[in-house]
Amino acid sequence: MSDDGFHISDDKTRLDLDVIHGFLSTAYWSAGISRKRVARAIEHSLCFGVYESKTGGQVGFARVITDRAVMAHLCDVFIVEGCRGRGLGRRLVAAVLSHPDLQHLRRWTLATSDAHELYRQFGFGPLTAAQVEMTMQKLDPDVYRRSDR
């Protein structure tokens, strides 16, 4: 427990799917995602929740896609609007990066359009030109509209 009234846990049984889906279904990176798909993503990832100590209500979330040996991709990071500006995002990222299962990884990745300063504090930076050249993706931007898997 923290003296500022919030704490972070990686206990999936505490996650509030209503809060998580409510946020992610309107976020710029996952707009329209189904509750079923969010639940499946959580099931197969290492997840972190930020909770109010008094009420136990969830106010933040982060998900890590990882093999826990070589690489990790940090995604779906958020703090609900009413709790922003208190350093909770910074604390959440610090908790993720210090998790015992995520030490000594060769590569961490993430994608953001609006939180570059937060992640720079933890050593994240842009890809080099060579990395951009060798990095590929297969993207289906309309999958959430076509499928509820």
Suppose we keep only residues that are of a type outside the set (A, V, I, L, M) and not in a loop (DSSP other than H, G, I, E, B) within the range 22-36. Which one would you say is farthest from Thr112 (Cα to Cα)? Lys36
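Hey, does the range 11-21 have a residue that's outside any helix (DSSP H, G or I) and of a type in the set (Asp, Glu)?
Step one: list which residues in the range 11-21 are outside any helix (DSSP H, G or I), which gives 11, 15-16.
If we keep only those that are of a type in the set (Asp, Glu) too, we end up with 11, 16.
Yes, the range 11-21 contains at least one residue that is outside any helix (DSSP H, G or I) and of a type in the set (Asp, Glu).
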Restricting the range 57-77 to residues that are touching a residue at least 12 places away in the same chain (Cβ under 8 Å) and not in a strand (DSSP E or B), which is nearest to Ile8 (Cα to Cα)? Gly57
Which residue is nearest to His99 (Cα to Cα), if the candidates are limited to the range 18-59 and must be of a type in the set (Lys, Arg) and loosely packed, with under 14 Cβ neighbours inside 10 Å? Arg40
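Residue by residue through the range 112-130, note down the ones that are of a type outside the set (Val, Ile, Thr), surrounded by 10 or more Cβ atoms within 10 Å (Cβ to Cβ) and within 25 Å of Ala69 (Cβ to Cβ).
Keep residues of the range 112-130 that are of a type outside the set (Val, Ile, Thr), which gives 113-127, 129-130.
Filter once more, keeping what is surrounded by 10 or more Cβ atoms within 10 Å (Cβ to Cβ): 115-116, 118-122, 124, 127.
Those that are of a type outside the set (Val, Ile, Thr), surrounded by 10 or more Cβ atoms within 10 Å (Cβ to Cβ) and within 25 Å of Ala69 (Cβ to Cβ): Tyr119, Phe122, Phe124, Leu127.
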Tell me whether the range 34-42 contains one or more residues that are more than 30 Å from Asp142 (Cα to Cα) and touching a helix residue (DSSP H, G or I) at 6+ places or on another chain (Cβ under 6 Å). no
Restricting attention to the range 88-108, and to residues there that are free of Cβ contacts under 8 Å to residues at least 40 places away in the same chain and outside any helix (DSSP H, G or I), which single residue is surrounded by the fewest Cβ atoms within 10 Å (Cβ to Cβ)? His104
Can you tell me how many residues in the range 60-70 are of a type outside the set (Val, Ile, Thr), more than 22 Å from Ser113 (Cβ to Cβ) and surrounded by 14 or more Cβ atoms within 10 Å (Cβ to Cβ)? 1
Among the residues of the range 109-127, write down those that are part of a loop (DSSP other than H, G, I, E, B) and of a type outside the set (Asp, Glu). Leu110, Ala111, Thr112, Ser113, Ala115, Gln121, Phe122, Gly123, Phe124, Gly125, Pro126, Leu127
Return yes when Tyr144 is outside any loop (DSSP other than H, G, I, E, B), at pLDDT 95 or above and not basic (Lys, Arg) and no when it is not. no
So, Val80, is that one surrounded by 14 or more Cβ atoms within 10 Å (Cβ to Cβ), within 27 Å of Asp148 (Cα to Cα) and in contact with a Leu (Cβ under 9 Å, 6 or more places away or on another chain) or not? no
Of the criteria (1) in contact with a Lys or Arg (Cβ under 8 Å, 6 or more places away or on another chain); (2) of a type in the set (A, V, I, L, M); (3) closer than 27 Å to Gln103 by Cα, which one Leu15 fails: (1)
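The values are calculated or read from the model by the stated rules, or taken from the named source; none is laboratory data. These numbers come from a predicted model, not from an experiment. Heads up, the Cβs are rebuilt from the backbone with ideal geometry, glycines too, and the neighbour counts pull from every protein chain shown.
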